Amino acid sequence: MDASEYAQELVYLVSKTIETHLNLLPVPGKRRTLEAKQMMIIRVLKNKGEGENDGKMYYIKCKTEVAEWPWIFVKVYEPPLVTDVSRVGFRAMKKMKEEYKLVTF
């Protein structure tokens with residue numbers, strides 16, 4: 001699936017966590033450019049095999065400004081019911097030195 005504006009919004013919501021994983025010092029009031037590019041995979045999680053939606057896991061390919069890690073894969077979880085300040089949660093990230101096809105992890 002192509003990355004969309006929604007994918008860009010998900011990346012924006014967890015951007016400070018991504019910056020921390022890229023060892024970038026936080027700058028108050030400034031957001032670095034993390035562009036959701038080309039690919040996104042969505043997995044709908046099931047609740048105990050009963051067919052009820054238990055949230056979605058998004059795998060998003062992003063381009064960064066960091067020379068050492070120009071590409072990253074971000075794993076973001078969206079629960080079915082929002083019970084926290086943010087409606088999504090950062091789960092994991094893979095750093096890439098070269099561009100690869102998006103995979104789940």
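The values are calculated or read from the model by the stated rules, or taken from the named source; none is laboratory data. Here the structure is a predicted model, which means the values were calculated and not measured. Don't worry about glycine lacking a Cβ; one is built from the backbone with ideal geometry, like all the others, and counts go over all protein chains shown. SASA here: full protein model, heavy atoms, side chains in, ligands and nucleic acids out. Shrake-Rupley method; radii C 1.70, N 1.55, O 1.52, S 1.80 Å.
Some values worked out for this structure:
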{"item": "Proximal lysines to Lys63, defined as alpha-carbon separation beneath 26 angstrom and excluding residues fewer than eight positions away on the same chain", "result": "Lys16, Lys30, Lys37, Lys75, Lys94, Lys95, Lys97, Lys101"}
{"item": "Computed Kirkwood radius, in angstrom, where 1/r is averaged over Cα pairs of the chain", "result": "14.4"}
{"item": "Most to least packed among 60-69, 86-95 [average Cβ atoms within 10 Å]", "result": "60-69, 86-95"}
{"item": "Residue among Val74, Val14, Val44 with the largest mean-square fluctuation in a Gaussian network model of the chain, springs linking Cα atoms under 10 Å", "result": "Val44"}
{"item": "With every protein chain in place, the chain: carbon and sulfur % of accessible area (1.4 Å)", "result": "51"}
{"item": "Per-residue HN-Hα couplings for the stretch 90-105 [Karplus 6.51, -1.76, 1.60; θ = phi - 60°; Hz; x = Gly/Pro]", "result": "6, 10, 6, 8, 10, 9, 10, 8, 10, 6, 10, 6, 5, 10, 7, 8"}
{"item": "Size of electric dipole in the chain: Cβ of Lys, Arg +1 and of Asp, Glu -1, about Cα centre, debye, nearest 20", "result": "240"}
{"item": "Charge dipole of the chain about the Cα centre (unit charges at C-beta), most positive-ward option of Thr104, Asn23, Ala7", "result": "Asn23"}
